[in-house]
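First up is the structure itself, then whatever we jot down about it.
What follows is calculated from the coordinates using simple rules that are stated; it is not laboratory data. Remember, it's a predicted structure, so these values are computed and weren't measured experimentally. Here Cβ is always computed from backbone atoms with ideal geometry, including for glycine, and neighbour counts include all displayed protein chains.
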Amino acid sequence: MRIEFLGGTETVTGSKYLLEHDGRRLLVDCGLFQGLKQLRLRNWDPLPIEGSKIDAVLLTHAHLDHSGFVPRLVQLGFEGPVYCTEATRELCELLLPDSGRLQEEEAEFANRHGFSKHKPALPLYTEQDARSALKRFEVISFDQEHSPWPGWSWRLRRAGHILGAASVHVAWTGGSILFSGDLGRSDDLVMRPPEAPESADYVVVESTYGDRRHRDVDTLVALAEVINRTAARGGIVVIPSFAVGRAQTVLHCIQRLKKARRIPDMPVYLNSPMAADVTRIYRRHLDEHRLSAEECAAMSKEVTIVNTVDDSKRLNNLSFPSIIVSASGMATGGRVLHHLKAYAPDARNTILFAGFQAAGTRGAALLAGAESIKIHGAYVPVRAEVANLDTLSAHADREQLLAWLGRLRAPRRVFVTHGEPVAADALRLAIEERHAWSTTVPVYRESRAL
Ligand SMILES: [Zn+2]
């Protein structure tokens with residue numbers, strides 16, 4: 001067996017691990033690079049082999065940094081199945097066409113305003129490309145062994161994190177490798193904790209929070225403080241949020257706070273028609289999270305769902321304290337950019353981030369205290385309060401990652417991926433100290449015999 005790391009190295013984005021054994025090739029995850037420009041440009045890099053030579057793709061979960069390259073791979077000649085869980089497919093049916101649409105809009109906007117260096121600016125793929133790619137998706141169940149080729153088999157276990165998220169155990173004649181996927185927290189307010197992993201000869205583990213411990217604060221208390229502080233100033237709380245996962249947790253928390261009268265009864269706008277569809281998918285997969293059908297329904301009760309672009313624009317003229325939840329979560333694109341343009345310049349408002357902000361994103365710049373940010377080619381001054389509630393994050397922290405690894409029999413080697421360089425290296429050190437296991441932080445395009 002040979003593994004090649006085609007992404008998810010030195011960054012939290014672009015996860016792609018190519019396995020090659022006995023004439024077959026499996027790509028575990030097929031994610032988009034996001035954030036820093038030198039990373040985004042990798043989305044245009046030629047693959048080490050033709051797309052048609054990859055036999056299958058196996059997705060750990062639906063987030064675009066794990067699934068968003070599938071339409072491009074299909075353009076590059078891939079003709080095989082894309083295996084994933086049922087919830088992952090349902091979420092990809094929303095996320096991938098939206099990703100294509102966003103890329104078309106960005107290319108069109110860049111061409112119209114002439115601020116792209118590429119002429120003409122091209123989308124990586126279109127909404128139509130994404131819809132065609134979805135035809136290749138095939139659902140597989142958790143816990144069942146799947147062996148489509150002689151000498152190969154794999155099995156998925158629940159990883160918490162978001163609906164449908166899995167850790168993947170791949171076995172072949174003579175060895176095995178376990179991919180953590182993105183691991184959820186053991187104390188998530190919505191998702192169940194990750195299941196016990198299956199031991200393997202090699203382990204690929206994520207390290208988003210490999211150098212951090214989630215603060216021991218009560219999420220609801222912290223969220224109530226931010227909202228009350230902003231409301232007292234007469235301001236608007238803008239929450240950039242992943243449409244999948246974070247938006248639902250945020251709505252659930254706001255609903256609980258309102259019910260307990262711990263925040264004022266202020267209007268809440270969910271400016272993401274897709275997030276509303278995702279909430280319906282939560283209702284269909286009650287076994288994967290902690291909420292009852294009633295709590296799922298309550299998430300979108302008392303929330304104004306904004307569907308049209310005109311209604312979305314109207315949200316930029318609110319005069320009463322309100323909360324706006326809108327994608328994307330790292331402010332890299334999407335409708336939230338228009339709200340940042342409208343509300344970042346006013347000191348009464350708050351921009352509240354609800355999860356990890358990758359290097360090079362507007363989210364990371366704002367949290368680092370940027371006095372202005374560039375949106376659609378123009379600089380927007382930032383006078384609003386900028387806050388981060390990382391306890392709302394869907395990722396395990398360093399202790400939870402080590403605890404998950406601690407349930408495994410000693411592997412021959414651990415590969416630490418899906419982290420900024422400092423976080424990945426901190427987790428490597430911690431694994432070596434705690435377990436004395438051989439541990440490597442692979443680099444982009446590194447290839448290894450297993
Ligand atoms: Zn994820």
Under Karplus coefficients 6.51, -1.76 and 1.60, residue-wise ³J(HN,Hα) of the range 60-73 in Hz, glycine/proline x: 7, 6, 8, 3, 4, 6, 10, 10, x, 8, 4, x, 5, 4
Base-10 log of normalised Debye intensity for the chain (one unit scatterer per alpha-carbon) at q = 0.06, 0.07, 0.09 Å⁻¹: -0.24, -0.33, -0.55
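How do 160-173, 402-415 rank on mean C-beta neighbours within 10 Å, highest first?
Numbers: 160-173: 24.1, 402-415: 17.1.
Going by the mean number of other Cβ atoms within 10 Å, highest first, we get 160-173, 402-415.
Go through the range 159-231 and name the trypsin sites (Lys or Arg not before Pro) that are in a DSSP coil and have 13 or fewer other Cβ atoms within 10 Å of their Cβ.
Details: sites: R185, R212, R213, R215, R229; in loops: R185, R212, R213, R215.
Loop-located and lightly packed - R213, R215.
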Nonlocal amide H pairs with E138, under 5 Å, H built at 1.01 Å: V82, Y83, C84
For V204, residues with placed amide H under 5 Å, excluding near neighbours: L178, F179, S180, F415
In the chain, lysine pairs with alpha-carbon atoms under 20 angstrom apart (chain gap of 8 or more, or interchain): 12
Ranked list, fewest to most other Cβ atoms within 10 Å of each Cβ, for S67, S132: S132, S67
Of E86, E294, E108, the one that fluctuates the most in a GNM where the chain has Cα springs shorter than 10 Å: E294
Peptide ranges 71-80, 322-331, 301-310 listed from the most packed, as the mean C-beta count within 10 angstrom indicates: 322-331, 71-80, 301-310
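Once you charge only the Cβ atoms, +1 for Lys and Arg and -1 for Asp and Glu, what is the size of the charge dipole of the range 219-392 about its Cα centre, to the nearest 20 debye?
Details: 21 positive and 14 negative charges, 43 e Å.
About 200 debye.
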For I373, distant residues with modelled amide H under 5 Å away: V380, V382
Peptide ranges 347-355, 149-157 listed from the most packed, as the mean C-beta count within 10 angstrom indicates: 347-355, 149-157
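Restricting the count to DSSP beta bridges whose residues both fall in the chain, what percent are antiparallel, rounded to a multiple of 5?
Working: 31 of 68 bridges.
Beta bridges within the chain, antiparallel portion: roughly 45 percent.
Count neighbours as other Cβ atoms within 10 Å of each site's Cβ, and list the trypsin sites (Lys or Arg not before Pro) in the range 263-296 that are DSSP loop with at most 16 such neighbours. Show your work: numbers first, answer last.
Details: sites: R280, R283, R284, R290; in loops: R290.
Here the sparse-neighbourhood loop sites are R290.
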Whole-angstrom gap from the range 252-302 to the range 77-91, using each part's C-alpha centre: 27
Sum of -39500 (n - 2.57) over DSSP H runs of 4+, divided by residues of the chain (222 nm, nearest 500): -9000 deg cm²/dmol
In order through the range 374-384: 3J(HN,Hα) via Karplus (6.51 cos²θ - 1.76 cosθ + 1.60), integer Hz, x for Gly, Pro: 8, 10, 6, x, 10, 7, 10, x, 10, 10, 5
³J(HN,Hα), Karplus 6.51/-1.76/1.60, whole Hz, each residue of the range 271-276, x for Gly, Pro: 8, 6, x, 5, 4, 5
For the range 219-392, with +1 on Lys and Arg beta carbons and -1 on Asp and Glu, the positive-most of A231, A293, A327 along the dipole: A231
Ratio of Rg to Rh over the range 219-392 (Cα coordinates, Kirkwood Rh, two decimals): 0.94
DSSP beta bridges in the range 299-450 [antiparallel fraction, %, rounded to 5]: 40
Size of electric dipole in the chain: Cβ of Lys, Arg +1 and of Asp, Glu -1, about Cα centre, debye, nearest 20: 780
